[in-house]
Amino acid sequence: MDRIEAQEERRRLMREAVIGRGFVRTADLAEEFRVSLMTAHRDLDALQAQGWLRKVRGGATGLPSAQFHGSVAERMATMAQTKQLLARAAATLLVPGQTVLLDDSTTCLLLAHQATEHTPLTVITNSLPAITTLAKEPGISLITLGGAYFPAYDAFMGLHTADAVRAFRADVLFMSTTAVTNGRCYHTSPETVQVKRAMMECAARRVLVADHTKFCKDGLYALAPLTDFDLLIVDDGLAAEQVRAVRAAGTEVMVVPTRDQ
């Protein structure tokens, strides 16, 4: 194994250690992998840049927080049945012939699976799993957005991806967010915010698809106010007074029943 391969293997094992344990001290990682403290810091910096974890004082964490919302696998497993119902509700809005923007959220990945029932569609996305899902589907004209690949998000992010989005105009955007606080959407990643804002600029209609737990979370980077969306699709776990507040501010709300499902 050469130096680069050894480095990649060490970082993979570090990533698994942090995600598996929730929090690991940098000094402990340096000792465990027999590297200097500086090398351990560099490894954690690289893993944080890829979106796998967040460095905190004294170590690194893989636990969801305002700065980190977990791996793709964790997000797929969270509120899985509710997300499926939300995706199904969102799919009823698809109209054959539309150009549709999909973000890299796990809810919109589920929507991508539903899209094949509403062809023909042109779909634009930065989500690698959505690209893989739709690549060979008849009736789907697929436009992929390149840029820097973030393995933890399994998606393309950042400046180049945002610039790529602006070359298009979509009929409708479906996207999700990490958190909704005081009527504003937040996310844990500035690169993600950059791309989502570009998507919002390029869509005639903007639909936010978010389960009710997003209204109980915090995010670090402000994305957009709820009033920038034409429609919020949310499950019936969201309190009635919050639904009324969103509607009163001017955004339409579709409440999807999930109880007794």
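Note down the accessible area of ARG88, probe 1.4 Å, to the nearest 10 Å².
The accessible area of ARG88 comes to roughly 120 Å².
Summing Lys, Arg as +1 and Asp, Glu as -1, what charge do residues with Cβ under 11 Å from the Cβ of HIS212 carry, HIS212 excluded?
Local charge sum for HIS212: -1.
Tell me the carbon and sulfur percent of the accessible area for the chain, rounded to whole percent, probe radius 1.4 Å.
For the chain, the apolar C and S fraction of the accessible surface comes to 52 percent.
Calculate the FRET efficiency for GLU16 and GLN242 from the Cβ-Cβ distance with a Förster distance of 25 Å, rounded to the nearest 0.05.
0.10
Using alpha-carbon positions, what is the distance between the centroids of region 187-216 and region 1-58, in Å?
Comparing the Cα centres of region 187-216 and region 1-58, I get a distance of 30 Å.
Just to check, using Stokes-Einstein with a Kirkwood Rh over alpha carbon pairs, what's the diffusion coefficient of the chain at 37 °C and 0.692 mPa s in µm²/s?
Rounded, D is 170 µm²/s.
Antiparallel DSSP bridges in region 153-255: what percent, to the nearest 5?
Antiparallel bridges make up about 35 percent of those DSSP assigns within region 153-255.
Quick one: accessible area per residue over the chain, 1.4 Å probe, rounded to a whole number of Å²?
46
If I take all pairs of Cα atoms in region 75-210, what percentage of them are more than 17 Å from each other?
Of all Cα-Cα pairs in region 75-210, 55 percent lie more than 17 Å apart.
Along Cα→Cβ, 7 Å out, is where each label goes; now give me the distance between the ones at ALA148 and ASP218 in nm to one decimal.
Those two pseudo-labels are separated by 2.6 nm.
Report the extension gain between ALA49 and ALA204 in nm, rounded to one decimal, defined as 0.36 nm multiplied by the number of residues separating them, less their alpha carbon distance.
52.6 nm
For the chain, what is the number of Lys pairs with C-alpha distance below 26 angstrom, counting only pairs 8 or more positions apart or on separate chains?
Going through the chain pair by pair, I get 10.
Of all beta bridges DSSP finds with both residues in the chain, what is the antiparallel percent, to the nearest 5?
If we restrict to bridges inside the chain, about 40 percent are antiparallel.
The values are calculated or read from the model by the stated rules, or taken from the named source; none is laboratory data. A quick note: this is a predicted structure, and the numbers were derived from the prediction, not measured. Here Cβ is always computed from backbone atoms with ideal geometry, including for glycine, and neighbour counts include all displayed protein chains. With ligands, DNA and RNA removed, areas are computed over all heavy atoms of the protein, side chains included. Shrake-Rupley method; radii C 1.70, N 1.55, O 1.52, S 1.80 Å.
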